[in-house]
1. Using a 1.4 Å probe on the protein chains only, how many percent of the accessible area of segment 225-288 belongs to carbon and sulfur?
2. Scan segment 9-116 for chymotrypsin sites (Phe, Trp or Tyr not before Pro) in coil per DSSP, keeping those whose Cβ has at most 16 other Cβ atoms within 10 Å, and list them by number.
3. Just to make sure I understand: if all protein chains stay in place, what is the order of Val98, Val267 by accessible area at 1.4 Å, largest first?
4. Filter the cross-link list Lys21/Lys92; Lys140/Lys177; Lys56/Lys144; Lys164/Lys235; Lys140/Lys219; Lys56/Lys177 down to pairs whose alpha-carbon distance in this structure exceeds 19 Å.
5. What are the residues whose amide H is under 5 Å from the amide H of Asp204, where those residues sit 5 or more places off or on another chain and H is modelled from the backbone?
6. Probe 1.4 Å, all protein chains in place: accessible area of Asp175 in Å², nearest 10?
7. Rank these by accessible area, largest first, 1.4 Å probe: Met105, Met138.
Amino acid sequence: MRKLSRQPDHKYDIDETQINKSIKITSYLITVNNVLLFGLGLILFILGILYLTIYKYSYSFTIYSIDFLAGVFLSSGFVLCALAISGIFLLKPLGRPVYSLLIAMLVFIIFLLIFILGVIGLSMNNNDEFMSQTRQNMMKTAKKFDESNPRGHDTRKINWLHRKFSCCGLNSYNDWKSLIAFQGINGPVKYFDKYDNKYPYIDDVPDSCCINPTKNCGKNINVFGRDRSLILNTKGCLILYYNSFSRDVIFLCALAITISVILLILVIQLFGIFTLTNRNANLAVQNFEQSERRNFL
């Protein structure tokens, strides 16, 4: 009777190499994914804070709000950082593949949100929609300005505009002349103690137009015969506001689209991690079965 001899299982050696290589690739992709998610999340989070504090637009003259976009940046950045930290513990080369799918779904939702907001913002800016809305809404707000009611929404909005951009009126401080002449005693600038008929002087402007705002500093009795440029901000607010708003929108929306493209790549990568994790599990099972079969022989 021929004696059986146990032959070396070369296939087993190949599988060992394959699984080690697959695990190494998966670990690398997981690390890259977590680092990029955390980095992008941190960028969005910091920008969100900056544009809700230092660069905040307290009021907007368009339907597109930088404050809303900044809020989306802040919340999205927080979620991405949380996902990156979770990925350190949940995403493993031989872990449960379902975690990569869950993270991919959440990242895809954030991708859609900031991509859509970015495209809408750039589209409206390129179509001059912002300029049209700004001009119309700024004029409507100026007509509702009431200096005798400093807590009124429109009054606070115009005062904020004057102070933030060091400006006065839409095109210049002379815009207040036409408003006063047209509306008379019901006009926007209230300084009624000078005349018996209680009409404001036609050259009166809101006090927020002053370089150093104080009570009645913008009234003609305080500036008559003096160089107005030394007392008042003479530039109009329309162009100053629009240039600043448009510049910030272009920056934030272009950044949003760029980050969203990277997020889409990460979503695809997460599906790759899902596939590799499944493959690693299958290779590990085959490795175990071959090891058991070799030991049995």
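1. Working: 2070 of 3070 Å².
Percent of accessible area from carbon and sulfur atoms in segment 225-288: 67.
2. Values: sites: Tyr12, Tyr28, Phe38, Phe45, Tyr51, Tyr55, Tyr57, Tyr59, Phe61, Tyr64, Phe68, Phe73, Phe78, Phe89, Tyr99, Phe108, Phe111, Phe115; in loops: Tyr55, Tyr57, Tyr59, Phe61, Tyr64.
Here the sparse-neighbourhood loop sites are Tyr55.
3. Details: Val98 60, Val267 10 Å².
Sorted descending by solvent-accessible area, the residues read Val98, Val267.
4. On the way: Lys21/Lys92 14 Å; Lys140/Lys177 16 Å; Lys56/Lys144 23 Å; Lys164/Lys235 13 Å; Lys140/Lys219 22 Å; Lys56/Lys177 30 Å.
Flagged as over cut-off: Lys56/Lys144; Lys140/Lys219; Lys56/Lys177.
5. Counting only residues 5 or more places away or on other chains, the set is Asn220.
6. 40
7. Met105, Met138
The values are calculated or read from the model by the stated rules, or taken from the named source; none is laboratory data. The structure displayed is predicted, hence computed values, not measured ones. Note: ideal-geometry Cβ built from the backbone for every residue, glycine included; neighbour counts use all protein chains shown. In case anyone asks, the SASA skips ligands and DNA or RNA and just uses the protein heavy atoms, side chains included. Shrake-Rupley method; radii C 1.70, N 1.55, O 1.52, S 1.80 Å.
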